[in-house]
1. Could you count how many residues in segment 185-198 are within 20 Å of Phe101 (Cα to Cα) and either acidic (Asp, Glu) or open to solvent by 40 Å² or more (accessible area, probe 1.4 Å) (or both)?
2. Taking only pairs six or more apart or across chains, which ones have beta-carbon atoms under 8 Å, a first residue in segment 91-103 that is on the phi > 0 side of the Ramachandran plot and within 16 Å of the ligand (Cβ to nearest atom), and a second residue that is among the polar types (S, T, N, Q) and open to solvent by less than 10 Å² (accessible area, probe 1.4 Å)?
3. Pick out the one residue from Val329, Val347 that is within 24 Å of Asn62 (Cβ to Cβ), of a type in the set (Val, Ile, Thr) and part of a strand (DSSP E or B).
4. Only one residue in Ser202, Ser226, Ser219, Ser208 is within 16 Å of the ligand (Cβ to nearest atom) and polar (S, T, N, Q). Which one?
5. Please determine, by comparing only the residues of segment 145-180 that are closer than 15 Å to Ser202 by Cα and among the aromatic types (Phe, Trp, Tyr), which one is modelled with the highest pLDDT.
6. Taking Val179 as the residue in question, decide whether it is farther than 18 Å from Arg276 by Cβ, away from the ligand (no atom under 16 Å from the Cβ) and outside any helix (DSSP H, G or I).
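The values are calculated or read from the model by the stated rules, or taken from the named source; none is laboratory data. The model shown is predicted, which means the values in this text are computed figures rather than measured ones. Neighbour counts are summed over all protein chains in view; Cβ atoms, including those assigned to glycine, are modelled from backbone coordinates with ideal geometry. Protein only, heavy atoms only, side chains kept; ligands, DNA and RNA dropped before computing areas. Shrake-Rupley method; radii C 1.70, N 1.55, O 1.52, S 1.80 Å.
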Amino acid sequence: MNAFNLKNGTLYAENVALSSIAATYATPCYVYSKAALVHAFEQFQAGLTGTNHLICFAVKANPSLAILHLFASMGAGFDIVSGGELARVLAAGGDPNKVVFSGVGKSHDEMRAALKAGILCFNIESESELHRLNQVAAEMDKIAPVSLRVNPNVDAKTHPYISTGLKNNKFGVAFESAVQLYEQAAAMPNIAVHGVDCHIGSQITELSPFLDALDRVLSLVDHLESKGIHIAHIDVGGGIGITYSDEMPPAFKAYAEAIMQKLAGRDVKVMFEPGRALVGNAGVMLTKVEYLKMGNLDDADKPKNFAIVDAAMNDLMRPALYDAYHEIVAVQPREGKTQTYEIVGPVCESGDFLGHDRALALEEGDLLAVKSAGAYGMSMASNYNTRPRAAEIMVDGDQHYVIRAREKVEDLFALEIVPEPR
Ligand code: LLP
């Protein structure tokens, strides 16, 4: 579903013109379509009808309370990676009993908070973590439910920074040591083995890496059963990609069917941890052209034209960090000759760009929409250059409302202390 469409020469989010969003809330801002969020979640569910499953939205992709609340109301669970994300899920009304806790560095405090809340499962990523959790649970007189996150050593064929299932990544326990670690876990007094977990990377656009990983996981499950260790759930992680430009990721239905086919005949609950696929194309970042700075045509090198916009790498970090492509379109496209622009922000770094070589017909003051910004956009935003983080707006049909107010500059240094002279 595409919730962002041109109508009468203006880009709309559902039934609201993005120009009126900019006029009401100013720029830069993130704009989400509620219908697109609901549609994505429903599509994911549709592929799983009649199966014993749980969809745990990966909070890191977009931790907005409003979005967590929406998914929770549709029955979602959540994949968290910090105590902060747990607090968000609880504040948004999420069910702790549908929360899985991933991540390689869980602290004592985070373990305590998760045990107190009564989460569904800890995805354990190392032997030391397993021992720590057993001890923390013992101190609290609790039994901690666990899966081991195994590293199947398959190549997800994605950007190296977001590939997590290879041997040399920091994530998960090596496949070769998994059985021995499960045996240890099964013998620990304050640990209960529930499942097995695997996440091989993000923005994966082919089915085969998922299926290869699942084959390896299933062979492990069989081995464990033969040793009397029962695995009640298999968590296949997240990672399905989205279309940023011309990628053709598998449809949810094809993905779900392929996974369920491999699990046929097994009495096991299957869990998913999708992030990007549920929110990525449900959001855009809206920004305004502040200045056009045209290249000198006499320059011997190819002259560069710059469209300097009011959003920057601190608002949307993906282009600077991964050289990621986001489509950038004019909210009110102009007739006439296009020029090729570098779309850059005001931050003082040459890496501060949102797009290279974009053909657009622009004037100063024009609005641009940076598309596919619903995942890992606001969640990775920072205050670099003391820039307040953008507002977030939800559109629902012809309604629109703030789900996160724009930060105020004073808030950015409110916790700072200038020492008194000694
Ligand atoms: N589960 C675990 C354990 C994860 O580490 C991740 C993402 C997910 C689920 C969700 O993956 P997804 O379905 O969103 O692909 N900042 C990067 C993406 C980092 C992903 C990290 N882990 C980006 O902007 O592309």
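1. 3
2. Gly103/Asn123
3. After ruling out the rest, the residue left standing is Val329.
4. Answer to the check: Ser202.
5. Out of the qualifying residues, it is Phe171.
6. Considered against the rule, which asks whether it is farther than 18 Å from Arg276 by Cβ, away from the ligand (no atom under 16 Å from the Cβ) and outside any helix (DSSP H, G or I), Val179 comes out as no.
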